[in-house]
1. Modelled label-to-label distance, residue B:31 and residue A:82, 7 Å Cα→beta-carbon offset: nm?
2. Please rank B:98, A:27, B:48, fewest neighbouring Cβ atoms within 10 Å first, as an exposure proxy.
3. Starting from 0.36 nm per residue, how many nanometres of slack lie between residue A:5 and residue A:96 once their C-alpha separation is accounted for?
4. Roughly how crowded by other chains is peptide B:37-43, in terms of the mean Cβ count from those chains within 10 Å of each of its Cβ atoms?
5. So how far apart, in nm, are the two label points at residue A:110 and residue B:9 if each is 7 Å from Cα heading toward Cβ?
6. Work out the FRET efficiency for residue A:18 and residue A:70 from their Cβ-Cβ distance, taking R0 = 25 Å, and round it to the nearest 0.05.
């Protein structure tokens, strides 16, 4: 089944403790992206990647890192999480030029930083 | 500043009603506008619109784009409780920039 898999689905952590949210897609998509969703603010892009080893900042990149060493994986790293990073996170992918079909989204990761 | 604004933010209707959701945008180098439906989990793709005046239709849902006035509407006729969701509008612009609106939360009561 074609899908984007995110892990974990839920995570509660403490301020300052490094964490990684994994994202993997099995559709050979070139384009991958991370979003956070907060009430009243919609989905805001954190980082995106056009292809392997090509990443760029979105609208809200502060406090996040990403890497794209392989086409299928696009992990999101929070080096020192803070409570304002408590949010619902989505990974999404599409093929280059494939926006006509929209993104395929992962199931989301609900992160709470205390 | 690039922006996408959806209205209303929240809407409560009864089954059988028709609803119209709005999305206006201001971006540089507009390419296309997309609608998504988000129920409990991840958003799912509904439509992509690129040209003005051409209606996209899927069952009871339809959408149209006005590139002169910079907005799109999403219509849902004969609403059902299963239409309850957050409806998200997103605009693709420049090379591969995508910006989402805040969403409209639709509640359909039996």
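1. That separation, rounded to one decimal, is 3.2 nm.
2. A:27, B:48, B:98
3. 30.8 nm
4. 5
5. Going by the 7 Å Cα→Cβ label model, 2.1 nm.
6. Efficiency at R0 = 25 Å is approximately 0.75.
Bear in mind these aren't lab numbers, they're just calculated from the coordinates by the rules spelled out. Remember, predicted model here, so these are calculated numbers, not experimental data. Ideal geometry is used to build each Cβ from the backbone, glycine not excepted, and the neighbour counts take in all protein chains shown.
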